[in-house]
Amino acid sequence: MKKYAKPLTSGEIAAVRDKHIDYSDIPELDDAFWRDAELVEPDTTEQVTMRIKRSVLDFFKESGKKGYQTRMNRVLETYVQRQRKLESSGGMTPIEPQRGRAS
């Protein structure tokens, strides 16, 4: 197998032929692997319309208008993961959503 002096770029990796790839450090996938494997469906995004306070929107746009929705989604996703962890651990009670009209 050919050794490379420096890491390859993605274009260089794509150009490497299969017969030149060293698989020696990758373990075989035996029956036990497949027996215990779980199918994990991708968590896709869905387009929604929601009202957000101007100050919150401005905060996320401050670090660049492009990608602000992705940053907002990451914050919400982190919150959901934390709430689920709290619920499943029997620890602290998750934060209850406020009822009524959003301001």
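Derivation of every value follows stated rules applied to the coordinates shown; laboratory data play no part. Since this is a predicted model, take the numbers as computed values, not measurements. As a convention, Cβ positions derive from the backbone with ideal geometry for all residues, glycine included, and neighbour counts pool all protein chains shown.
Report the residue count in region 21-58 for those that are polar (S, T, N, Q) and either surrounded by 10 or more Cβ atoms within 10 Å (Cβ to Cβ) or closer than 30 Å to residue 4 by Cα (or both).
Residues in region 21-58 being polar (S, T, N, Q) and either surrounded by 10 or more Cβ atoms within 10 Å (Cβ to Cβ) or closer than 30 Å to residue 4 by Cα (or both): 1 in total.
I'm trying to understand the selection: among the residues of region 59-69, which are of a type outside the set (Lys, Arg) and surrounded by 11 or more Cβ atoms within 10 Å (Cβ to Cβ)?
Of everything in region 59-69, those that are of a type outside the set (Lys, Arg) and surrounded by 11 or more Cβ atoms within 10 Å (Cβ to Cβ) turn out to be 59, 60, 67, 68, 69.
Please specify each residue of region 25-51 satisfying the condition of being of a type in the set (Val, Ile, Thr) and farther than 24 Å from residue 73 by Cβ.
Answer for region 25-51, where residues must be of a type in the set (Val, Ile, Thr) and farther than 24 Å from residue 73 by Cβ: just 26.
Looking at region 14-45, which of its residues are part of a helix (DSSP H, G or I) and either within 30 Å of residue 70 (Cα to Cα) or touching a residue at least 60 places away in the same chain (Cβ under 8 Å) (or both)?
14, the sole residue that qualifies.
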